[in-house]
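Chemist: Below is the structure I would like to discuss, written out as structure tokens.
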Amino acid sequence: MDNLYSLTAGELLSLLDKKSVKPEEIIESVYSRAQSVDKKIKGYIHLDKEKALSQAKGLPASGRLRGIPVAIKDNICVEGELTTCASKILRGFKPPYNATIIEKLKSEGAVIFGKTNMDEFAFGSSCENSSYFPTLNPWDTARIPGGSSGGSAAVVSADEAIMAIGSDTGGSIRQPASLCGVVGMKPTYGRVSRYGLIAFASSLDQIGPLTKNVHDAALLLGVIAGFDSKDSTSVNVPVPDYLSYLKNDVKGMKIGIPKEYFVAGMDKEVEAAVKEAIALLKGKGAQIVEVTLPHTEYAVAVYYIIATAEASSNLARFDGVQYGYRCEDPANLLDMYERTREEGFGAEAKRRIILGTYVLSSGYYDAYYLKAQKVRTLIKNDFEQVFKSGCDCILTPTSPTPAFKVGERSSDPLSMYLSDIFTISVNLAGVPALSIPCGYTKGGLPVGMQLIGDFFKEEELFRAAYTYECGTDWHKRSPEL
Ligand code: GLN
């Protein structure tokens, strides 16, 4: 079979079960696809065929992902493999240990397949903040793939990986999934271990799947979720069998539509696609109700205070002493710190460090950071109210626009920050959310919708998303490359 790269994990696993293919053939197929199309997309930073193939030899005899290549965002530690957060300051860094999710993937037979490009330290919504090169959108290479997990979304969309792992602090899995036409999920805060994820904003970061369909997202989350004593924010809640919730049935499900998410300025084609999706779910028996999340308007401001504060603190460790880059010929210790950070961080990382240091500084702490934490609680309460009122999930657009052009927002940080107005509140609240393709613009760009769930109720999102997917064929389209 010469088109193995175009199949889903579910399809490949059944071929593997029947012994119709070997893991080596899948790896060869996906690798040669990447060889032929990644010149255009630039989704990978590091990809080594021999390393991928060598893993096929020692696979466990059984395993939920046996033989499936999974691409990994470059901010997740893989032992002995370059892990750079797409930053110059981590050039050459090879972690001496695996992230917990890498151990889990390996124990289920997944093949760790290359590291994907991202905005430096996950700061961004377009992948243009990578210190290597921007990744491009497989549906239109004049456009961005979204970010910060733009590489992971693009390689799944372009069939250069069967599945991928991303991280989501303020939309970084869902927004690129939406812009590239794939499924992406941010699990509940605490659902997936963050041990070995290089921290951006520790109270917001979560690791999650990017896949070709809902089945594969449920499969991949089932593998990476679960309690981990190495992450103090990991929560000991049993992991359900997500695959058992993939039923084409939403009868009686109550879906809330927040009025604050259908705002002026939203792209008309996005709005139309999402409204059609709501009608489809209604037709399948879901009960659609209008709800309100009244503090939504503060989410972007609150996020950019909390996220930058935590980022400035997390990035203090990159000082040229222990990891990665160090400036040449420092005159003394202070010169070494200063020049290493000056030369090692890109413009957006410096902007975040400056903003974060400012909001935490004495005299401003109460006015900004403390105030933002209080408003964060109000945002969380909004979601709790909606779920208490009986809603099983909330449906919104994922991004207010389809993929924008390369360079269109890169010189205007505020317009870039506004790319995440629909995704950020979810991280502030800690609830799970998923993005699923729900149509295409006339120009052929994917549109995504977001389903938001109650804490640790990822299975409800999979059920609604799967039912929607059964009624459409968006997930079957592929970009022409
Ligand atoms: N785009 C948002 C930011 O720049 C979110 C990034 C993320 O989720 N890592 O912070």
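Chemist: Using the Kirkwood radius built from alpha carbon pairs, what does the Stokes-Einstein equation give as D for segment 284-443 at 10 °C and 1.306 mPa s, in µm² per second?
Modeler: For the chosen part, D equals 85 µm²/s.
Chemist: If you split all Cα-Cα distances of segment 20-140 into 10 Å bins from zero, what percentages do you get per bin, shortest first?
Modeler: Values per bin, smallest distances first: 14, 41, 35, 10, 0.
Chemist: Report D for segment 109-182 in µm² per second (integer): Stokes-Einstein, Kirkwood Rh on Cα pairs, 37 °C, 0.692 mPa s.
Modeler: So the translational diffusion coefficient is about 282 µm²/s.
Chemist: Using DSSP to define loop residues, name the chymotrypsin sites (Phe, Trp or Tyr not before Pro) in segment 85-148 whose beta-carbon has at most 16 other beta-carbon atoms within 10 Å.
Modeler: Y97
Chemist: If you line up the Cα atoms of segment 212-344 on their principal axes, what length do they span on each, largest first, in Å?
Modeler: Sorted from largest, the Cα extents of segment 212-344 read 70, 40, 27 Å.
Chemist: Further question: Can you give me the long-range amide H partners of G439? Hydrogens built in the peptide plane at 1.01 Å from N, cutoff under 5 Å, separation of 5 or more residues or another chain.
Modeler: It is V447, by chain and number.
Chemist: Can you tell me the length gained on complete extension of the stretch N3 to Y364, counting 0.36 nm per residue apart and subtracting the Cα distance?
Modeler: Working: separation 361, 0.36 × 361 = 129.96 nm, distance 5.75 nm.
Separation in residues times 0.36 nm, less the Cα-Cα distance, equals 124.2 nm.
Chemist: Can I ask one more? Under a crude label model (7 Å from the Cα following the beta-carbon direction), how far is A331 from E11 in nanometres?
Modeler: 6.3 nm
Chemist: When only Cα pairs under 8 Å and 6 or more residues apart are kept, what is the percent relative contact order across segment 154-245?
Modeler: 29 percent
Chemist: OK, next. Using all Cα-Cα distances in segment 386-481, what percent lands in each 5 angstrom bin from 0 up to the longest?
Modeler: 2, 11, 19, 20, 18, 14, 9, 4, 1, 0
Chemist: Mind checking the full-extension length gain between F262 and V321? Use 0.36 nm per residue of separation minus the Cα-Cα distance, one decimal, nm. Working shown, then result.
Modeler: Values: separation 59, 0.36 × 59 = 21.24 nm, distance 4.84 nm.
So the extension gain works out to 16.4 nm.
Chemist: Now, a different point. Kirkwood hydrodynamic radius, the chain, all distinct C-alpha pairs: what's the number in Å?
Modeler: 22.1 Å
Chemist: Mind jotting down a quarter of the surface of the convex hull over the alpha carbons of segment 153-194, in square nanometres, one decimal?
Modeler: Here the figure is 3.0 nm², rounded to one decimal.
Chemist: Whole-Hz Karplus ³J(HN,Hα) for segment 125-133, in order, using 6.51 cos²θ - 1.76 cosθ + 1.60 and θ = phi - 60°, x for Gly and Pro?
Modeler: Ordered by residue, 3J(HN,Hα) equals 10, 9, 6, 7, 8, 5, 7, 8, 6 Hz.
Chemist: Considering all alpha-carbon pairs of segment 129-251, what whole percent are spaced by more than 21 angstrom? Kindly include the intermediate steps, with their values, before the conclusion.
Modeler: Numbers: 3068 of 7503 pairs.
Considering segment 129-251, 41 percent of its Cα-Cα pairs are separated by more than 21 Å.
Chemist: Whole-Hz Karplus ³J(HN,Hα) for segment 294-309, in order, using 6.51 cos²θ - 1.76 cosθ + 1.60 and θ = phi - 60°, x for Gly and Pro?
Modeler: Karplus values, whole Hz, x for Gly and Pro: x, 8, 3, 5, 8, 4, 5, 5, 4, 4, 6, 8, 5, 5, 6, 4.
Chemist: Also, quick follow-up: Taking 0.36 nm per residue of sequence separation and subtracting the Cα-Cα distance, how much length would be gained by fully extending the chain between K442 and K40, in nm to one decimal?
Modeler: Contour length minus Cα-Cα distance gives 142.4 nm.
Chemist: Using the Cα atoms of segment 388-427 to build a convex hull, what is its mean projected area in square nanometres?
Modeler: On the way: hull surface 15.1 nm².
Across all orientations, segment 388-427 yields a mean hull projection of 3.8 nm².
Chemist: How much FRET efficiency would the formula 1/(1 + (r/R0)^6) give for D249 and K22, where r is the Cβ-Cβ distance and R0 is 30 Å, rounded to 0.05?
Modeler: So the FRET efficiency works out to roughly 0.25.
Chemist: Using only the Cα atoms, what convex hull volume per residue in Å³ does segment 269-373 have?
Modeler: In segment 269-373, the Cα convex hull volume per residue is 177 Å³.
Chemist: Then there's this: Which peptide among 260-268, 455-463, 151-159 comes first, and what is the full order, when sorted by highest mean count of other Cβ atoms within 10 Å?
Modeler: 151-159, 455-463, 260-268
Chemist: Same structure, new question: Need one number: the % of Cα-Cα pairs in segment 1-62 sitting beyond the 13 Å mark. Spell out each step's value before the answer.
Modeler: Details: 1245 of 1891 pairs.
Result for the distance tail: 66 percent.
Chemist: Hey, how many Å between the Cα centroid of segment 273-346 and the Cα centroid of segment 395-436?
Modeler: 12 Å
Chemist: Give me the mean projected area, in nm² to one decimal, of the convex hull enclosing the Cα positions of segment 416-462.
Modeler: Over all viewing directions, segment 416-462 projects a mean Cα-hull area of 4.0 nm².
Chemist: DSSP loop (so not H, G, I, E, B), at most 13 other Cβ within 10 Å: list which GluC sites (Glu not before Pro) in segment 295-340 pass both filters.
Modeler: Listed in order of number, the matching sites are E328.
Every number here is computed from the coordinates shown, using simple stated rules; none is lab data. Computed from a predicted model, the values in this text were never measured in an experiment. Every residue, glycine as well, gets a Cβ built from its backbone with ideal geometry; the counts of neighbours run over all protein chains shown.
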